[in-house]
Amino acid sequence: MTIPTEPIGSLPRPPELLAALSAHSEELEHRQNHAVADTLARLEGAGCPVLVDGDQAKPDVLTYPLAGSAALAPDGAVIPYDDGHTRQLPRLTGGPFRYGLRAGTYVRAAKKRTDLPVKATVIAPSALSLLYPTEPLDGYSREAFLADLVDEAEADIRDALDAGAHSVQLDCGLARLTLKLDPSGGVLDHFIALDNSVLERFTREERARIGAHTYPGADQGSTHSLDIDYADLLPKLFQLKVGNFYLQLASEPDPERVLKVVAGHLRPDIRVFVGVTDPLDPRFETPEQVRDRVLAAARHIPVTQLGTCDDAGFATYADDSTLSRDTAFAKIEARVKGTELAATALGL
């Protein structure tokens, strides 16, 4: 037995791809394909047992399903970051709501380039629920939208599983932010219920391959909700009917306290992947630092239920070049080697 380790998803795009994106170049697809191939090769070279395509062909992790949709306006919900910058979601202008692109498309493309397991990343339906405007749409109620959203989110996850994804990870990065915007927890309760209405459609065996990733935002070196106590989030988050949880932890000011919260809500049928590298810190973690973080987690989480990951993706949005591509891969290699050192120290 060993300790499984997985990347979270996004990686910084190569300069050539960033240039093609900003120029809307005809070479964009070629640059994306080249970046995917390079990403898979470098992850494999770093010793990763599970690969991702680094979201090289996605504009961001939130809005990839909206490709080609005409029923959108740019002035949707705003995501505020602690350094003052913001990101903005589109606003739905009409129905019915349909995904224009599914995650399995990315999985199939990646699997053509590697024989190793490939992980899929999908946006949680709870995040996309924010597309619906505050005022009801004429002829398309919020209830009708949510029903369509649940159907589309299920189809997105199934498409990734059918494409042969090793695992499917839901991006639940806005869950922690809801507690900042609504301290009563009502919005978070709605998020959990909505995501579970999708997850309940899968079998127990399928849910063992599905996970939820939580983190306090990671964009341009900043977070949006690191000041929200994990103790307020995790008890509700662990109600999600998934087999895996991917938790940002390396950047937490008091990881020991968080691990105690995790231990108090651990179910026997889940695995917890703890973050051991911080994408917002330009300094390299050493394998020994990673090892020590894993060993600290193993004091609270049974090794049979423990895994490691990065705290978050390294470039949630395509235009985020705060961290270099080389730095991201160096951190990933440290995670892999450090996890191996921890497994050896634990006698695995």
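Could you tell me whether any residue of the range 305-324 is out of contact with any strand residue (DSSP E or B) (no Cβ under 6 Å at 6 or more places or on another chain) and in a helix (DSSP H, G or I)?
no
Would a scan of the range 137-144 turn up a residue that is surrounded by 18 or more Cβ atoms within 10 Å (Cβ to Cβ) and in contact with a helix residue (DSSP H, G or I) (Cβ under 7 Å, 6 or more places away or on another chain)?
Checking the range 137-144: not a single residue is surrounded by 18 or more Cβ atoms within 10 Å (Cβ to Cβ) and in contact with a helix residue (DSSP H, G or I) (Cβ under 7 Å, 6 or more places away or on another chain).
Here is a yes/no grid of residues against (1) buried (at least 20 other Cβ atoms within 10 Å of the Cβ); (2) over 20 Å from Ile270 (Cα atoms); (3) modelled with pLDDT under 95:
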residue	(1), (2), (3)
Ser126	yes, yes, no
Leu131	yes, yes, no
Thr134	no, yes, yes
Leu149	yes, yes, no
Asp156	yes, yes, no
Asp162	no, yes, no
His166	no, no, no
Gln169	yes, no, no
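Could you check Leu259 against (1) in contact with a His (Cβ under 6 Å, 6 or more places away or on another chain); (2) in a loop (DSSP other than H, G, I, E, B) and say which number it fails?
Evaluating Leu259 over (1) in contact with a His (Cβ under 6 Å, 6 or more places away or on another chain); (2) in a loop (DSSP other than H, G, I, E, B) leaves (2) as the failure.
Pick from the range 11-48 the residues that are touching a Phe, Trp or Tyr at 6+ places or on another chain (Cβ under 9 Å) and surrounded by fewer than 21 Cβ atoms within 10 Å (Cβ to Cβ): which of them is farthest from Lys111 (Cα to Cα)?
If we take residues in the range 11-48 being touching a Phe, Trp or Tyr at 6+ places or on another chain (Cβ under 9 Å) and surrounded by fewer than 21 Cβ atoms within 10 Å (Cβ to Cβ), then Ala46 is farthest from Lys111 (Cα to Cα).
Quickly run through the range 82-110 and pick out the residues that are over 24 Å from Gly217 (Cβ atoms) and of a type in the set (A, V, I, L, M).
Val107, Ala109, Ala110
Looking at (1) crowded, with 22+ Cβ neighbours inside 10 Å; (2) within 17 Å of the chain's Cα centre (by Cα), find the lone condition where Asp60 falls short.
(1)
Out of everything in the range 205-228 that is in contact (Cβ under 8 Å) with a residue 40 or more places away in the chain and charged (D, E, K, R), what residue ends up being surrounded by the fewest Cβ atoms within 10 Å (Cβ to Cβ)?
Here the residue is Asp227.
When you look at Leu237, is it aliphatic (A, V, I, L, M), under 29 Å from Ala330 (Cα atoms), modelled with pLDDT of 95 or more and surrounded by fewer than 24 Cβ atoms within 10 Å (Cβ to Cβ), yes or no?
no
Kindly provide the set of residues from the range 85-105 that are in a helix (DSSP H, G or I) and either more than 30 Å from Ala46 (Cβ to Cβ) or touching a helix residue (DSSP H, G or I) at 6+ places or on another chain (Cβ under 7 Å) (or both), ordered by number.
Matches in the range 85-105: Gly104 only.
Out of Asp55, Asp82, I need the residue that is assigned to a loop (DSSP other than H, G, I, E, B), touching a residue at least 60 places away in the same chain (Cβ under 8 Å) and in contact with a Gly (Cβ under 6 Å, 6 or more places away or on another chain). Which one?
Of Asp55, Asp82, the one residue that is assigned to a loop (DSSP other than H, G, I, E, B), touching a residue at least 60 places away in the same chain (Cβ under 8 Å) and in contact with a Gly (Cβ under 6 Å, 6 or more places away or on another chain) is Asp55.
Restricting attention to the range 43-63, which residues are farther than 15 Å from Phe314 by Cα and either modelled with pLDDT of 90 or more or touching a His at 6+ places or on another chain (Cβ under 9 Å) (or both)?
Hits for the range 43-63 are Glu44, Gly45, Ala46, Gly47, Cys48, Pro49, Val50.
Among the residues that make up the range 98-106, is at least one of them farther than 24 Å from Arg176 by Cβ, crowded, with 17+ Cβ neighbours inside 10 Å, within 17 Å of the chain's Cα centre (by Cα) and charged (D, E, K, R)?
Checked the range 98-106: at least one residue is farther than 24 Å from Arg176 by Cβ, crowded, with 17+ Cβ neighbours inside 10 Å, within 17 Å of the chain's Cα centre (by Cα) and charged (D, E, K, R).
Given (1) within 27 Å of Ala318 (Cα to Cα); (2) of a type in the set (Lys, Arg); (3) in contact with a strand residue (DSSP E or B) (Cβ under 8 Å, 6 or more places away or on another chain), where does Arg271 come up short, assuming only one miss?
Arg271 satisfies all of (1) within 27 Å of Ala318 (Cα to Cα); (2) of a type in the set (Lys, Arg); (3) in contact with a strand residue (DSSP E or B) (Cβ under 8 Å, 6 or more places away or on another chain) except (1).
The values are calculated or read from the model by the stated rules, or taken from the named source; none is laboratory data. These numbers come from a predicted model, not from an experiment. Please note: Cβ atoms are built from the backbone with ideal geometry, for glycine as well, and neighbour counts cover all protein chains shown.
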